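The values are calculated or read from the model by the stated rules, or taken from the named source; none is laboratory data. Just so it is clear, the model here is predicted, and its values are computed rather than measured. All Cβ positions, glycine included, derive from the backbone under ideal geometry; neighbour counts span all protein chains shown.
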Amino acid sequence: MMELFDVRLNIDDHPFSKDELIEAIGSCDVFVPNLTNQIDAALIAKAGPRLKLIANFGNGIDHIDVAAARAKGIVVTNTPGVLTEDTADMAMALMVAVPRRLVEGAAMIQSGAFKGWSPTHLLGHRIFGKRLGIIGMGRIGTAVARRAKGFGMAVHYHNRRRLRPELEAEVEATYWESLDQMLARMDVISIHCPHTPATFHLLSERRLKLLKPTAYLINTARGEIVDEEALIRMLAAGQLAGAGLDVFEHEPAVNPKLLTMKNVILLPHMGSATIEGRINMGEKVIINIRAFCDGHTPPDRVLPTSG
Ligand code: DGY
């Protein structure tokens, strides 16, 4: 970026304060935020006349009011595709780690509590042969489906649109038009849809209650998609077997009740955190800026969602 443009960097990567955000968008031509920067309509109203492009360093754009940006003639781009495999790996890792109690096992070793094998020692649950329900069958959902197939799981999915028949056949996935009906029949649910106004609390208390008490919930997408309070109540009451969460409803705050639970694995939003992925994201940001500055439509332009 420094070779190509006149750049001001947030060198220590601290989350910008409101004043810093206002200062940045008031003075630059291109702003490169990430998911920790809330770019709402009020902030966009304060954008300077030079700001023409918000080139997000990341895939999710739920922290940006894309419609407000568009109304002000500001183009928004993101970095799709390059986080897919890493995020799918993390979902799969949680899918194995929660039912097989990997974190409990590692803690036992570290605390010196391991006194030898026994037949009932740290028994978990098998995922081979179980039914996985994927919510959101875009790039990441499909990448999870491919992995899950290799783990011997039966893959099911709910998506706004059904996959093309060739792709559905390739990943051997069963489509459920009704999310409610799918939820009631799955052993593991993994969330891979974006957070939009339409998916806020998609897994509401009512829907969570449709899950089998033996089911596990994996979320590597966005915390806001799940009613976290309802999830916690159900986990505490044994109405759900466990959860693997890489994202939280009020991130970076984590509900303290979750911290005391044995049947959860909590990760600090690290699903895409690989060096390779971050380099790819940076390259995508640069390509988008370059294309835009050269007068082309940037390849990863984001348009406002219809809901
Ligand atoms: C994104 O880019 O939206 C991811 O959540 C970062 O991990």
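What the table below lists for this structure:
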quantity: Check on ILE140, modelled with pLDDT of 95 or more, within 16 Å of the ligand (Cβ to nearest atom) and more than 27 Å from THR214 (Cβ to Cβ); calculated: no
quantity: Filter result for ILE232 (closer than 18 Å to LEU183 by Cα and out of contact with any helix residue (DSSP H, G or I) (no Cβ under 7 Å at 6 or more places or on another chain)); calculated: no
quantity: Helices (runs of 4 or more DSSP H) enclosed by region 34-116 - at least 1 residues per element that are over 25 Å from PRO15 (Cβ atoms) and more than 16 Å from the ligand (Cβ to nearest atom); calculated: 66-71, 84-97, 102-111
quantity: Residue match in region 271-281 (condition: within 18 Å of the chain's Cα centre (by Cα), surrounded by 15 or more Cβ atoms within 10 Å (Cβ to Cβ), under 23 Å from ILE54 (Cβ atoms) and of a type in the set (Val, Ile, Thr)); calculated: no
quantity: One residue from ASP13, ASP62, ASP40 being of a type outside the set (Lys, Arg), outside the structural domain of ARG139 (by TED's automatic domain parsing) and surrounded by 15 or more Cβ atoms within 10 Å (Cβ to Cβ); calculated: ASP62
quantity: Selection count, region 188-244, where residues are part of a loop (DSSP other than H, G, I, E, B), touching a residue at least 60 places away in the same chain (Cβ under 8 Å) and away from the ligand (no atom under 16 Å from the Cβ); calculated: 5
quantity: Residues of region 250-291 that turn out to be away from the ligand (no atom under 14 Å from the Cβ) and either assigned to a loop (DSSP other than H, G, I, E, B) or over 21 Å from LEU83 (Cβ atoms) (or both), as a count; calculated: 13
